[in-house]
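A.B. asks: Got a structure here, written out as structure tokens. Questions coming.
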Amino acid sequence: MSEKIPLTIDGHVIQATEGETIMQAARAAGIRIPSLCDSPQLESFGSCRMCVVEIDGSNGTPSSCTTPVSEGMVVSTRSDRLWRLRRGITELYVSEHPLDCLTCTANGDCELQDVAAEVGLREVRYDNDPICAEMPIDDSNPFFTFDATKCIVCSRCIRACDETQVTHALSIDGRGIFSRIIAGDDTSFMASDCVSCGACVNECPVGALEDRVERSLGIPDRWVRTTCAFCGVGCQFDAGIKGERLVTMRPAADSPVNQGHACVKGRFASAYIHHSDRLTTPMLRESIDEEFREVTWKEAYQFICERWNTIREQSGPNAIGAITSSRSTNELNYLGSKLMRAVIGTNNVDNCARVCHSATVKGMMTVFGAGAGTNSLGDIDQTDLLLVSGCNPIHGHPVTGSRIRRARRRGMGMIVADPKMTELAEMADIHLQLRPGTNVALYQGLAHIILRDQMEADEDWMESRCENLEPFKAMVQTMTPELCSRLTGIPAATLQAAAHLYASAPAAMSVHGLGMTEHSHGSEGVMALSSLALLCGNVGRPGTGINPLRGQNNVQGSCDMGALPNVYTNYQSVSDPANREAVSAVWGVEAPAEPGLTYPEMLQQVADGNIRSLYLIGSDIAHTDPDNIAVQKALSALDMLVVQDIFMCETAKLAHVVLPAASFLESDGTYTNGERRIQRIRQALSPPGEAKQDWQIVSELAEAMGYPIVSSDDVSAVWDELASLTPNFRGINYQRLESAEAVQWPAPSEDHPGTTVMHQERFSRGLGHFAAPEFAEPNEQASDEYPFILVTGRNLFQYNAGTQTRRTGLIRFRSTDPLEIHPEDAAELGINHGDEVWLESPRNRVKMSVEVTDIVRRGNLFTTFHFPEVGVNSVLSASADGYTHCPEYKVQAVSVVPVD
Ligand code: SF4
């Protein structure tokens, strides 16, 4: 705990924290000192000289933003001399600034204007002839503009880019009065390394960097706190609204998740909500060969109920299933599962996390007894070493990616295990560039070295906290460094260095992504990684643990809510009669006992008539599933497909009924981010046309089926009901979620603070269980006919199926899915950068444009899957993890053939 230091500022005795500057202490005490270059989010800079103060016993007027506090210091911030000095400085700034305040969009929200008013500047004695007056506006970026004539060169934009985003895209060119901000090597923002996170726009104290929408619509008339609806980081924003338009998304500085930062998607791409393609009216058709016709909600519900009742009578309730959404709220996912279980009478409910992190749940459940991230994102700020496995946070989880880069700057060690030379791999101490599909071998090989060199945790840990150590030892004994090296392609010396670095760190933390899970042995890979953490005692302490980075906003929550065929909320088994009794008592019906089907199983059972109707809420599986031509065929064969979405996605095109849903800014509820933090979304706008909130549609459908499943039209009642059924959520209610920190489950009682680090005293399953899966080769193997292994993943500038991001300015950054290939492979095939090729497999072939790059391994290819017109997923096989049916997206045998 830092010491408190008493000092006096303007006659007020305040307590500052040791190491703080006068500016920081004053700000914390609510005392304003004028400044232009200082920002609470950035390190002190001391360039504008506006924050000068006087200190008793010292000569001169030091800047308060660079002067540390000391005990007994007496500071004055408001003497006549100081105001005179500040007025003179402001006069110089204003003389270099255009005097078009009335037409400037920053008018009313301009720090230079504020300071000029504060110092009492009435006239400027110098020429108003700015050096940059002739500089053209840089309007290359689709989301913001840069007008150098308004820039006061305070460097806040550069420092935000360097310190917060850590991209280093901006710098200063020239000296003194000729200084100016440049992007890249004096090119445009769009042509530079800028990733459009908007940190510079947020920091700009004047109107030099301007949000284009804000410029056209003006200052918002209200602000609504909400959670980003893209990735699972769960950044908090204040949505700025004017009338019925979203003006801007301002990242929340008081959120422990994003600390005032954002990425381009959350900051600028939520504008998709106003796209003219939004679904606004329910539509139906008797057969998918017909055209849709617009209908009322009543007609749509009636049609669905009649078909469901007929199917239930003819084939039983298990002929119906639902796939809910990791993109919608916890309340929707709970009600979707309740609709299937309590109204239809089947456990056939699953969600789209099936095809991303189901293997994480299985793997971590096996070792720790809970499938959720063990620690918090804030632990990245204090860990000694980060092991990054199979994820590329710079693209997939950008705000966490920046947090990792900041931690690296403070000296955190880092090992990256990834077949690709990602940006983080380039920055790492050690890059383990493994052959795709060899995660089990890698983590068991590292465990072998740690045990061999006696670097594992002490006996007390092994005896008091763990079980199954001997079988684990016997298994990893077989994975010698030589064998591991042969299987993974990583030199044995590199394996040894990584094992030693990991085992010798006082606290080592692991983050992982779909490169760990989307394999035919994905669950075993997560077991091997989790067992490695157990071996070194890297669980149950701050700065340690196994932390899956969730791809979609509510992957954690959709699984927590029991939208899975075998469990109720928080993984309570449907096979346990006590759990069944508890939900049956609350629901007032007998809950079905037989576990349901996973959604890949449901799709497989369409052809033989066992599954006749599916209800899809916010999942575009006709686009995003592997072998999606087979998926489309299965969906087309249903007696009734109901799709609830905000756009006419690929899956909706195959539906009998399309139900228009509200977007996140038009909805109330909660999401749970990847660190188990349950956060509110709040309705800021009305949905377009007839569209309704997801949870309302499900509850109205249940009512039409004759069984109301909500007790109130307030969504908080849905939360209260599910929390009452879930010991780990019992202490959480909407009132507690009002704070910026919200609550991380488990929180079993209202006086429980929530859990930042799980498994501290005991594991959820009691003892940590060393899992000892045997390494097996991936199902997909390269062959003479299909000699390349294709890995698919994400790109910063698009999101998942792309239905939202393709309808925004992000299309300017990424307008197709290119195929990345190693230069030597390209040369062998006679292919050049930009050439068109066929990407082929036994399923299909698609035409793609080639990017020749040495960031992929030889023999590997990489691409994204955001564009249905490219159709990458039609090439992939449905091969999947044996435990969870999570598809093997990361290892696919394919060939590449030049188009001509
Ligand atoms: Fe949204 Fe994720 Fe970007 Fe944060 S990092 S703004 S949650 S997409």
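The values are calculated or read from the model by the stated rules, or taken from the named source; none is laboratory data. Predicted, not measured: the structure shown is a model, and the values here were computed from it. Here Cβ is always computed from backbone atoms with ideal geometry, including for glycine, and neighbour counts include all displayed protein chains. The accessibility values were calculated without ligands, DNA or RNA, using every heavy atom of the protein model including side chains. Shrake-Rupley method; radii C 1.70, N 1.55, O 1.52, S 1.80 Å.
A.B. asks: Checking G543 against (1) touching a strand residue (DSSP E or B) at 6+ places or on another chain (Cβ under 6 Å); (2) surrounded by 24 or more Cβ atoms within 10 Å (Cβ to Cβ), which single condition isn't satisfied?
C.D. replies: (2)
A.B. asks: Further question: Sort out for me the helices (runs of 4 or more DSSP H) sitting completely within the stretch 291-397 that have 3 or more residues that are more than 23 Å from W745 (Cβ to Cβ).
C.D. replies: 297-315, 393-396
A.B. asks: Which fully enclosed helices (runs of 4 or more DSSP H) of the stretch 446-531 have 1 or more residues being within 31 Å of the chain's Cα centre (by Cα)?
C.D. replies: Correct list: 481-488, 492-504, 514-517.
To keep it simple, each residue is scored yes or no on (1) open to solvent by 10 Å² or more (accessible area, probe 1.4 Å); (2) touching a Ser or Thr at 6+ places or on another chain (Cβ under 9 Å); (3) within 16 Å of the ligand (Cβ to nearest atom).
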| position | (1), (2), (3) |
| --- | --- |
| L339 | no, yes, no |
| V343 | yes, no, no |
| N347 | no, yes, no |
| K362 | yes, yes, no |
| G371 | no, yes, no |
| I380 | no, yes, yes |
| T383 | no, yes, no |
| H395 | yes, yes, yes |
| I404 | no, no, yes |
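A.B. asks: With A29, A25, A16 as the choices, which residue is closer than 27 Å to V206 by Cα and open to solvent by less than 10 Å² (accessible area, probe 1.4 Å)?
C.D. replies: A25
A.B. asks: So which residues in the stretch 218-228 are open to solvent by 10 Å² or more (accessible area, probe 1.4 Å) and either under 21 Å from the mean Cα position of the chain (by Cα) or within 16 Å of the ligand (Cβ to nearest atom) (or both)?
C.D. replies: The answer is V224, R225, C228.
A.B. asks: Related question: Please specify each residue of the stretch 11-54 satisfying the condition of being touching a residue at least 24 places away in the same chain (Cβ under 8 Å) and closer than 12 Å to M73 by Cβ.
C.D. replies: A16, E20, T21, I22, A25, A26, V53, E54
A.B. asks: Give the stretch 537-554 a look and list any residue that's within 16 Å of the ligand (Cβ to nearest atom) and not in a loop (DSSP other than H, G, I, E, B), or say none.
C.D. replies: Selection gives N547, P548.
A.B. asks: Separate question: Does D608 qualify as being open to solvent by 10 Å² or more (accessible area, probe 1.4 Å), of a type in the set (D, E) and modelled with pLDDT of 95 or more?
C.D. replies: No: the conditions fail for D608.
A.B. asks: Name the single residue that is nearest to the chain's Cα centre (by Cα) among those in the stretch 260-273 being within 11 Å of the ligand (Cβ to nearest atom) and open to solvent by 10 Å² or more (accessible area, probe 1.4 Å).
C.D. replies: C263
A.B. asks: Okay, moving on. Being more than 24 Å from A704 (Cβ to Cβ), part of a helix (DSSP H, G or I) and polar (S, T, N, Q): is that true of S276 here?
C.D. replies: no
A.B. asks: How many residues does the stretch 805-833 contain that are closer than 20 Å to P393 by Cα and either open to solvent by 20 Å² or more (accessible area, probe 1.4 Å) or not hydrophobic (A, V, I, L, M, F, W, C) (or both)?
C.D. replies: 6
A.B. asks: Which number in (1) open to solvent by less than 70 Å² (accessible area, probe 1.4 Å); (2) farther than 19 Å from L92 by Cβ; (3) not acidic (D, E) marks the one condition that C110 misses?
C.D. replies: All conditions pass for C110, except number (2).
A.B. asks: Kindly list the number of the only condition in (1) open to solvent by 10 Å² or more (accessible area, probe 1.4 Å); (2) in a loop (DSSP other than H, G, I, E, B); (3) within 11 Å of the ligand (Cβ to nearest atom) that fails for V257.
C.D. replies: With (1) open to solvent by 10 Å² or more (accessible area, probe 1.4 Å); (2) in a loop (DSSP other than H, G, I, E, B); (3) within 11 Å of the ligand (Cβ to nearest atom) applied to V257, the lone miss is (1).
A.B. asks: Let me confirm something: among T517, T488, T544, T494, which residue is among the hydroxyl-bearing types (S, T, Y) and in contact with a Cys (Cβ under 6 Å, 6 or more places away or on another chain)?
C.D. replies: Of T517, T488, T544, T494, the one residue that is among the hydroxyl-bearing types (S, T, Y) and in contact with a Cys (Cβ under 6 Å, 6 or more places away or on another chain) is T517.
A.B. asks: Among the residues of the stretch 38-64, how many are among the charged types (D, E, K, R) and open to solvent by less than 10 Å² (accessible area, probe 1.4 Å)?
C.D. replies: Of the residues in that region, 0 qualify.
A.B. asks: Output the number of residues of the stretch 111-122 satisfying the condition of being in contact with a helix residue (DSSP H, G or I) (Cβ under 6 Å, 6 or more places away or on another chain) and part of a loop (DSSP other than H, G, I, E, B).
C.D. replies: The total comes to 1.
A.B. asks: Also, quick follow-up: Going through the stretch 201-217 one residue at a time, which ones are out of contact with any His (no Cβ under 9 Å at 6 or more places or on another chain) and within 16 Å of the ligand (Cβ to nearest atom)?
C.D. replies: V201, D211
A.B. asks: Here's something else I'd like to know. Filter the stretch 634-676 down to the residues that are acidic (D, E) and under 28 Å from the mean Cα position of the chain (by Cα), then identify the one that is farthest from the ligand (Cβ to nearest atom).
C.D. replies: Here the answer is E650.
A.B. asks: Looking only at the stretch 232-245, which residues are open to solvent by 20 Å² or more (accessible area, probe 1.4 Å) and either within 16 Å of the ligand (Cβ to nearest atom) or among the basic types (K, R) (or both)?
C.D. replies: Across the stretch 232-245, the qualifying residues are D238, K242, R245.
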